[in-house]
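To start, the structure under review is shown below, and the notes come after it.
The values are calculated or read from the model by the stated rules, or taken from the named source; none is laboratory data. Just so it is clear, the model here is predicted, and its values are computed rather than measured. Here Cβ is always computed from backbone atoms with ideal geometry, including for glycine, and neighbour counts include all displayed protein chains. Ligands, DNA and RNA are stripped out before the accessible areas are found, and what is left, the full protein with its side chains, is counted by its heavy atoms. Shrake-Rupley method; radii C 1.70, N 1.55, O 1.52, S 1.80 Å.
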Amino acid sequence: MDRDTMKRRLLITGVVLMAIVIVGLIVALVRSERKNRGAGESTTVTVTQTPAANPSESPDVNASPTGGVSPVATPTATLTPGAGTPTVTVTPDVTGTPTVTATPTPKPEEIAGILVEYATGNVWSDGGVTMRGIEFGIRNNTKTAINGWKLELTIEGLSRAGGWNGTYTCKGNVLTITDAGYNGSIAPGATVYTGCNMGTTQEKLVITKAVLNGVECTVRAGVVDQNSQNGKGNGNGNGNGNGNGNGEKTPEKKDMLKRPDGAAQGDDWLHTDGRRILDKDGREVWITGVNWFGYNTGTNTFDGLWNSKLEPTVKAIADHGFNLIRVPISAQLINQWAAGEYPDANYNRAYNPALTQLNSLEIFDYFLSLAEANGIKVMPDIHSAETDAAGHNANLWYTDKVSEKEWLAALEWMAKRYKDNDTIIAFDLKNEPHGKPGEGNRAAIWNDDMNAANNWKRAAEKAAACILSVNPNVLIMIEGTEIYPKDIKTNRDYHSTDEKQYDFNWWGGNLRGVKDFPIDLGQYQNKLVYSPHDYGPTVYRQPWFEGDYDYDSLMRDCWRDNWFFIYETGKAPLLIGEWGGFMREPNLTWMTHLRKLIKTYRLNHTFWCLNANSGDTGGLLLDDFTTWDNEKYEFVREVLWQENGHFVGLDHTIPLGANGIPLTQSKGK
């Protein structure tokens, strides 16, 4: 046998052996498969999933199965079929390739009587209480109309709740919701909707009982879709702009995010001269704005959009004469945006269908476009380091989770992103730095120690430099602290823990340090504005509210020494960043006196607040976040910038709403 023949035989033998091995492996795999699955049997995988509140949100709620309450199902996979649940059947064919057959998802079980369904939105922490947004749908599956309703829910660990489309009261673990009048009738087969921000002392939401008008009913987690259940589907779930089902065309995303027609970039930047704020032509302006929070709380957009529409709300702010919106926001959210992360915004998709094609950052950009189109300017306010409805309670601009470096990065990113958009004309560096003498280096101080981490003057100058290095055109608002030594010479380093050695004021309202250690912005000193906060006795009964206080006593005991001296000496302009409250005593007397101060000296200010859900002040909007509190608005209107019956805006070309004029038509403050 020659050598070539031997090679061919060896090659053939190797191929045969390899084929035998492969066949053996195949046989072994088939036997193993049959052993594990059972020859001739099919396997059913059951997946149970409760529908989310919206396409991007899932409920984290467990309801007790007692008292007729349906439990929330969490995603599970088992090897036993479940009745009434979607199933996927996998059956091997003769070739060993599985075929997949999916059964349709069944409709939710029909419930006789009254059905209360709920869906949760964003969840956040507020001082040890778990807060969550919840929407309720109350469906009348009886043959009798309901005229007037009261819903009582028993909820484990209930702490508080405030909502819309109804009156909410809490007593123990029972939440009582009473109709709002306009939604008191529920026809057979109809559904009414209400919702709230609810707090519980436990992480999971457990509803054990539901009673409507004295009759126990079924309550379950599910989908509360005001569109699908009232026949007004928005029809734009894919963001293609094909209309929202209400006869309105949904705008395309690119059109929503562009600057409005008629906008002129770069002509609205402001600067200061002594106590005055001036435009590019030297015309003195009067900033008379309002606060609208939500971007700081975990809503990741403006609070109230769960029951209102963004576009008409912005227009209403302009039409009512507010020329600037101060927007509380968290450094954490900004840094998430900068990293390409976009936490879900909590809003009513039925009312705001166009927003469904936008992420939370794009919704903010769209808001800027709406503000500019209505002649409104915007001032972001770092209200808290962390995204938390109670985040403002943290003393400093940094926490264990958000460092000073990250706070600075958030400000610089915002300044750089919007440096070519003069809708944003100012930045409030940090809301209400504070802290008491006994808190040591965890309390905000104001001195000339440039190495002290808790020195607000040091941090503010550093933050201003970060912003102005990328956008030298914006104004810089710097708030005060809470305490300042009575004798700065002997207690310069705040070493004393004796409260008698300090002057106190509202958080962010103590600017006494400006006398001894004024803010230095170098070449950008004409961008500095000091911004104190001031509140009344319903927030806290300060010593200056004792007895029969009046305008003169408030000036003597609080305002002048804490911050009004800055105006009197002409060091810099003032903007009162927060003031406001309920239109009743004991608050109304203080608020009337402060309004007199603002009006007399035409002090810049942003009223607190638009939101109905500000617990200790109330808002300019009522609980439906649409109707204005006319009594409060007329009170504030006296200190809105007006000339010849027209509100004056801060935009040189676009008038302020339907009742205003652009800055070029103003004579100046």
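Near Ser553: Cβ cut-off under 15 Å, other residues only, Lys/Arg at +1 and Asp/Glu at -1. The net charge is -3. Were the residues from Lys416 through Asp516 laid out at 0.36 nm apart, the gain over their Cα-Cα distance would be 32.7 nm. Checking the cross-link pairs Lys280/Lys486; Lys377/Lys405; Lys258/Lys571; Lys515/Lys599; Lys209/Lys309 against a 31 Å limit on the alpha carbon distance flags Lys280/Lys486; Lys258/Lys571; Lys209/Lys309 as lying beyond it. Using only the Cα atoms of the range 154-204, build the gyration tensor, take square roots of its eigenvalues as a ≥ b ≥ c, and label the shape rounded, prolate or oblate: rounded if a/c is under 1.5, else prolate if a/b is larger than b/c, else oblate. Prolate is the answer for the range 154-204, as a/c is 1.5 or above and a/b outweighs b/c. With both labels modelled 7 Å from their Cα along Cα-to-Cβ, the Glu110 to Cys170 distance reads 3.8 nm. Hydrodynamic estimate: the Kirkwood radius of the range 408-484 over Cα pairs, inserted into Stokes-Einstein at 20 °C and 1.002 mPa s, corresponds to D of 162 µm²/s.
Sequentially through the range 437-451, phi angles give Karplus couplings (6.51, -1.76, 1.60; θ = phi - 60°) of x, x, 8, x, 6, 8, 9, 6, 10, 9, 7, 9, 7, 7, 10 Hz, Gly and Pro residues having no value and appearing as x.
Find the percent of Cα-Cα distances in the range 559-630 that exceed 18 Å, and round it to a whole number.
46
The distance between label points at Thr490 and Lys669 comes to 4.0 nm (points 7 Å beyond Cα on the Cα→Cβ vector). Shown are Ile334, Ile146, whose ranking by accessible area with a 1.4 Å probe and every protein chain present, most to least, is Ile146, Ile334. When the square roots of the Cα gyration tensor eigenvalues are ordered a ≥ b ≥ c, the ratio a/c for the range 474-620 is 1.5 or more and a/b does not exceed b/c, which makes its shape oblate. To the nearest 10, the accessible area of Arg595 is 40 Å² with a 1.4 Å probe. Here the calculated FRET efficiency for Thr653 and Lys462, from their Cβ-Cβ distance with R0 = 45 Å, stands at 0.80, rounded to the nearest 0.05. In this simple spin-label model, placing a label point 7 Å from the Cα along the Cα-to-Cβ direction at both Lys253 and Ala452 gives a separation of 4.9 nm. Its alpha carbons give the range 489-528 an Rg and a Dmax of 13.4, 39 Å. How many angstrom separate the Cα center of the range 319-364 from the Cα center of the range 643-669? Measuring centre to centre over Cα atoms gives 27 Å.
For GluC sites (Glu not before Pro), the sites in the range 522-582 that DSSP calls loop and that have at most 16 other Cβ atoms within 10 Å are Glu546. Can you tell me how the range 544-669 classifies by the Cα gyration tensor, rounded, prolate or oblate, using a/c under 1.5 as the rounded cut? Because a/c hits 1.5 or more and a/b fails to exceed b/c, the range 544-669 counts as oblate.
When you work out D = kT/(6 pi eta Rh) for the range 391-549 at 20 °C and 1.002 mPa s, using the Kirkwood radius from C-alpha pairs as Rh and the Stokes-Einstein form, the result is 130 µm²/s. Count the net charge of all other residues whose Cβ sits under 15 Å from the Cβ of Thr313, scoring Lys and Arg as +1 and Asp and Glu as -1. Residues near Thr313 contribute -4 overall. When Met583, Met450, Met198 are compared by accessible surface with a 1.4 Å probe, the order from highest to lowest is Met450, Met583, Met198.
Taking each residue as 0.36 nm, the span from Glu634 to Asp616 lengthens on full extension beyond its C-alpha to C-alpha distance by 4.5 nm.
Out of the range 135-195, which trypsin sites (Lys or Arg not before Pro) are coil in DSSP terms and have no more than 13 other C-beta atoms within 10 Å?
Within the range 135-195, the qualifying trypsin sites (Lys or Arg not before Pro) (loop, at most 13 other Cβ atoms within 10 Å) are Lys143.
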